[in-house]
Amino acid sequence: MIQAQAANRAGRRKLLSHKDWTGYAFSAPLLLGVIVFAVYPMVAALFMSFQQTSGSGATAKWAGVSNYSYVLSDSVFWKSLYNTMFMGLLSMICGICISFILASLINSLRWHFGKNMFKAIYFLPNVVSAVATSLLFSFLFYPDEAGLFNYVLGLVGIGPLGWFTDAQFSRFGIVLMSMWGALGYNTIIFLAGLQSVPRDLYEAAEVDGASALHRWLYITIPYLRPIFFFMIVMGTIGGMKRFTDVWLIGGTAGNPDGSLMTSVLYIYRNAFLASQMGVATAASYLLFIIILVLTMLLMLLNRRANSWD
């Protein structure tokens with residue numbers, strides 16, 4: 001019994017060796033940075049969401065859940081949430097489908113130099129900043145025949161369309177712009193996944209008489225389902241946080257006619273224009289809950305799909 005207790009004490013002493021303390025010492029600056037710049041702001045914002053304040057602690061007054069009630073009863077918030085989900089869902093679905101098709105076409109090339117060339121071409125938009133992309137598409141989507149898109153549409157008797165000036169088309173213009181910006185990243189990810197599919201599966205299916213389309217539908221797509229899940233989750237989170245492009249195109253009012261007002265832009269307006277930090281942080285936590293619920297639903301659907309297999 002005494003020997004066992006001594007062994008346990010010796011084991012506890014070995015839990016934190018000199019190397020362990022050295023590792024903690026090296027990781028301490030990073031942990032401190034996470035606590036100061038991530039954990040503390042989140043906790044402070046949570047307390048601020050229950051206060052009526054402009055951001056200064058001296059003028060803060062406890063308001064309970066009135067900030068949450070105000071946000072939930074504000075029609076502008078619900079409109080911004082609709083715009084956010086509409087643009088995010090459309091750009092995610094279309095972007096993933098187009099990127100996967102392009103990646104499949106590039107992967108099917110037998111010309112090695114051609115593969116690398118197309119990789120570089122399609123990845124170029126990913127290295128362009130959101131500001132430069134917004135300026136570029138402002139010229140491409142110019143509301144008269146001077147814009148390239150309207151000029152091309154005019155050749156077939158359509159237009160000109162107010163891509164960023166008409167509330168009927170502005171959201172679709174943002175979707176096209178965001179798809180172009182994310183095309184390279186999505187295509188590279190899919191290319192990496194396509195190159196990991198075992199060739200034996202294709203050869204066995206080809207021996208059984210499966211066509212190229214059937215091999216693509218019943219081997220490639222199911223094998224890449226984890227990558228599709230990753231792209232959908234990241235696309236959902238990124239779409240719900242949309243801010244830079246709509247702010248550059250539509251300003252703080254989300255023009256035209258509020259069609260480009262997103263949830264993050266709504267938070268920005270309340271925080272820095274109306275100086276209602278309590279309302280802004282309440283909207284931030286509501287958006288956080290919505291993103292969390294959507295992510296958990298996607299994970300649940302993915303787990304259920306895996307169980308069916």
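Quick look at the values:
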{"read-out": "Hey, F47 more than 24 Å from L136 (Cβ to Cβ) and open to solvent by 40 Å² or more (accessible area, probe 1.4 Å) or not", "value": "yes"}
{"read-out": "Looking only at the stretch 9-28, and only at residues there that are assigned to a helix (DSSP H, G or I) and open to solvent by 90 Å² or more (accessible area, probe 1.4 Å), the one that is modelled with the highest pLDDT", "value": "F26"}
{"read-out": "Qualifying residue in the stretch 259-267 (condition: open to solvent by less than 40 Å² (accessible area, probe 1.4 Å), farther than 30 Å from L136 by Cβ and without any contact (Cβ under 8 Å) to a residue 40 or more places away in the chain)", "value": "no"}
{"read-out": "Test: residue in the stretch 233-248 that is of a type in the set (S, T, Y) and in contact with a Phe, Trp or Tyr (Cβ under 9 Å, 6 or more places away or on another chain)", "value": "no"}
{"read-out": "Residues located in the stretch 70-86, provided they are touching a helix residue (DSSP H, G or I) at 6+ places or on another chain (Cβ under 9 Å) and either exposed (fewer than 15 other Cβ atoms within 10 Å of the Cβ) or under 18 Å from T187 (Cα atoms) (or both)", "value": "L72, V76, W78"}
{"read-out": "Subset of the stretch 87-108 (residues that are open to solvent by 60 Å² or more (accessible area, probe 1.4 Å) and either aliphatic (A, V, I, L, M) or closer than 22 Å to F172 by Cβ (or both))", "value": "L89, I93, C97, I98, I101, L105"}
{"read-out": "Every pair of residues 6+ apart whose Cβ atoms lie under 7 Å, when the first sits in the stretch 184-204 and is farther than 16 Å from L217 by Cβ while the second is charged (D, E, K, R) and open to solvent by less than 50 Å² (accessible area, probe 1.4 Å)", "value": "none"}
{"read-out": "Qualifying residue in the stretch 114-129 (condition: part of a loop (DSSP other than H, G, I, E, B) and without any contact (Cβ under 8 Å) to a residue 40 or more places away in the chain)", "value": "yes"}
{"read-out": "Checking T59 against (1) open to solvent by 50 Å² or more (accessible area, probe 1.4 Å); (2) within 18 Å of I267 (Cα to Cα); (3) among the polar types (S, T, N, Q), the condition it does not meet", "value": "(2)"}
{"read-out": "Which listed residue, of I93, I106, I121, I101, is under 25 Å from I221 (Cβ atoms) and in contact with a Phe, Trp or Tyr (Cβ under 6 Å, 6 or more places away or on another chain)", "value": "I106"}
{"read-out": "Selected residue (criterion: farthest from M261 (Cα to Cα)) from residues of the stretch 84-112 that are touching a Gly at 6+ places or on another chain (Cβ under 9 Å) and small (G, A, S)", "value": "A103"}
{"read-out": "Number of positions in the stretch 104-126 that are more than 25 Å from the chain's Cα centre (by Cα) and of a type outside the set (A, V, I, L, M, F, W, C)", "value": "7"}
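The values are calculated or read from the model by the stated rules, or taken from the named source; none is laboratory data. Because the structure is a prediction, the values reported are computed rather than measured. Quick reminder, even Gly has a Cβ in these numbers, built from the backbone with ideal geometry, and neighbours come from all protein chains shown. What goes into the accessible areas is simple: the full protein's heavy atoms, side chains included, and nothing from ligands, DNA or RNA. Shrake-Rupley method; radii C 1.70, N 1.55, O 1.52, S 1.80 Å.
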